[in-house]
1. Show the residues, 5+ positions off or on another chain, whose built amide H is closer than 5 Å to the amide H of Val311.
2. At q = 0.22, 0.24 Å⁻¹, what log₁₀ I(q)/I(0) does segment 274-340 have when each alpha carbon counts as one equal point scatterer in the Debye sum?
3. Determine, for each peptide in 354-360, 365-371, the mean count of other beta carbons within 10 angstrom over its residues, then list the peptides with the highest first.
4. Across segment 256-268, in residue order, what do the Karplus-derived ³J(HN,Hα) couplings come to in whole Hz, using 6.51 cos²θ - 1.76 cosθ + 1.60 with θ = phi - 60° and x for Gly and Pro?
5. What residues have an amide H closer than 5 Å to that of Val51, excluding those fewer than 5 places away on the same chain, when H is modeled at 1.01 Å from N in the peptide plane?
6. Work out the charge dipole of segment 320-427 with +1 on the Cβ of Lys and Arg and -1 on the Cβ of Asp and Glu about the Cα centre, then indicate which of Ala325, Ser369, Pro417 is farthest towards its positive end.
7. Can you run phi through the Karplus equation (6.51, -1.76, 1.60; θ = phi - 60°) for segment 314-324 and list ³J(HN,Hα) in whole Hz, with x for Gly and Pro?
8. Check Arg421: other-chain or 5+ apart residues with amide H under 5 Å from its amide H, H built from backbone geometry?
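The values are calculated or read from the model by the stated rules, or taken from the named source; none is laboratory data. What you see is a predicted model, and the numbers here were worked out from it, not measured in a lab. All Cβ positions, glycine included, derive from the backbone under ideal geometry; neighbour counts span all protein chains shown. What goes into the accessible areas is simple: the full protein's heavy atoms, side chains included, and nothing from ligands, DNA or RNA. Shrake-Rupley method; radii C 1.70, N 1.55, O 1.52, S 1.80 Å.
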Amino acid sequence: VAALLIAAGRPRPRRRPGGVRASAAELRALRARHEDALALVRSRSGQTLLVLLDPQDLRRFYAEPVSVLAADPPQKCRGLSTHEPGRDGDGPGCARGEQRPERRRMSADVLAAGLPVHPAAGPILTVVAEEARHLTATGTLELARVRRAVNRAARRIVLGDPAAEDDELAGWLTQLRAEDGRPRGGRTRAARSVQDKARARVREYVRHAGDDTLAGRAARHAGPVDTTDPDGAVDPADEARLWLLAMDAVPDTLLRTLLLLGAHPCEQDAAAAEASAEVAAGGARGELPRLRACVRESLRLYPVVPDLIRVTRGETEWRGVRHPAGTAVLLPAAFHQRDPERVPAAHVFVPGRWKNPAADRDIRMAPFSHGGGRCPGDQLGLMITAAFCAEVLRGHRITGTRPVLDPVGPLPVTLDPRGVRLTLTRR
Ligand code: HEM
């Protein structure tokens with residue numbers, strides 16, 4: 001039998017619920033002992049998970065359609081905080097499950113999945129440039145400031161300029177993100193009421209959204225919507241709310257990327273030169289390949305979705321062993337992206353590894369996942385994050401960082417963005 005049962009029960013403050021609590025060293029030891037076998041891990045709650053440790057199995061994980069490996073509804077996109085508390089069925093959370101392929105289609109079209117520069121790049125980059133001014137206003141940069149600027153930009157990009165000042169909506173979205181961990185009882189009712197208020201407010205913005213906003217594009221894509229028919233056409237307001245929540249991946253990634261650049265002065269100089277050259281050229285904007293490579297490398301080291309989780313829809317066979325429908329399958333992406341046995345210089349910041357276009361399809365690295373479940377906002381997310389970095393670096397140098405990182409030594413395994421503080425000096 002190529003599977004093994006272990007009790008991964010020791011409480012360790014790592015990973016979100018449902019993830020494996022084993023450390024990278026434990027997963028590596030498991031793999032060494034069992035020659036790349038799958039690990040069947042029993043979580044503390046008694047749930048068993050198939051943990052994929054071999055590249056062959058990763059390939060299959062990404063290749064299987066949702067009819068075989070589906071996102072578990074309560075887990076879906078939890079890493080992105082898009083799970084909606086207390087809704088029945090396939091409510092307006094993630095576009096997962098074969099019931100709603102049209103939702104994924106809309107996301108792919110409106111977010112321009114696969115296009116490095118979004119068709120609305122002009123207005124989007126103008127918003128980023130305006131909001132980035134808040135980042136450099138005081139000479140120090142920490143998470144609260146980054147969140148405020150990025151969230152304002154996200155509301156403008158998704159819903160339009162009138163949403164920029166909507167602190168009430170911002171508060172509801174923050175509450176929904178906080179309730180992501182599946183509230184119970186009264187908290188479920190409270191979360192529902194916040195959900196309803198946010199939904200109504202977003203719908204109002206969508207009604208007046210301009211053609212340059214993602215919501216306006218979605219409304220054009222969907223045509224008229226019958227909001228009383230739950231099985232009807234995709235509601236652009238639901239998608240707009242999902243995208244606002246999905247943009248939550250940007251602030252942590254932006255701050256970590258700037259921190260890594262602060263710790264690697266040569267990379268910082270090269271990135272700043274690219275940022276300035278883009279403006280000097282006066283042509284098309286938004287590509288910034290060097291900065292995008294830095295963002296990808298920061299996501300490889302510190303992924304915002306460290307574990308990808310699916311549930312089998314029917315009985316499936318893995319390495320000759322049959323597993324019943326409903327088996328949870330976990331791909332520990334953070335572990336694989338930093339696996340020193342398979343990734344050269346696994347614990348070092350090497351943005352150059354993303355130069356080769358094939359790196360985007362390298363299944364060892366999955367900051368945006370792969371296959372049918374891949375993030376449809378990957379290019380848009382990269383464009384926005386790199387553009388924010390460029391705005392900071394054009395006028396400022398990162399001259400101090402907390403924590404202080406060793407530029408050549410192994411980087412820490414985790415990096416809590418709440419503890420990051422950067423000092424900016426005018427160029
Ligand atoms: C740094 C930025 C981002 C990162 C690292 C990221 C990462 C991811 C990952 C790993 C997934 C797959 C989760 C899974 O398989 O369980 C995902 C899904 C998704 N992302 Fe992103 N994302 C980013 C930005 C964005 C942006 C800007 C948007 C939209 C505006 C977006 C929209 C979505 C949506 C709609 C899904 C769900 C797709 C589905 O239901 O199949 N993401 N993202």
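1. Ala70, Ala71, Asp72, Val329
2. Here the Debye-derived log intensity ratios amount to -0.92, -0.98.
3. Working: 354-360: 12.3, 365-371: 21.4.
Answer by packing, highest mean first, reads 365-371, 354-360.
4. With the stated coefficients, segment 256-268 comes to 5, 5, 5, 4, 4, 5, x, 8, 10, x, 5, 4, 4 Hz.
5. Correct list: Ala39, Leu40, Val41, Leu330.
6. Projecting each Cα onto the dipole axis, the largest value belongs to Pro417.
7. Running phi through 6.51 cos²θ - 1.76 cosθ + 1.60 with θ = phi - 60° gives x, 5, 10, 10, 10, 6, x, 10, 8, 10, x Hz.
8. Arg402
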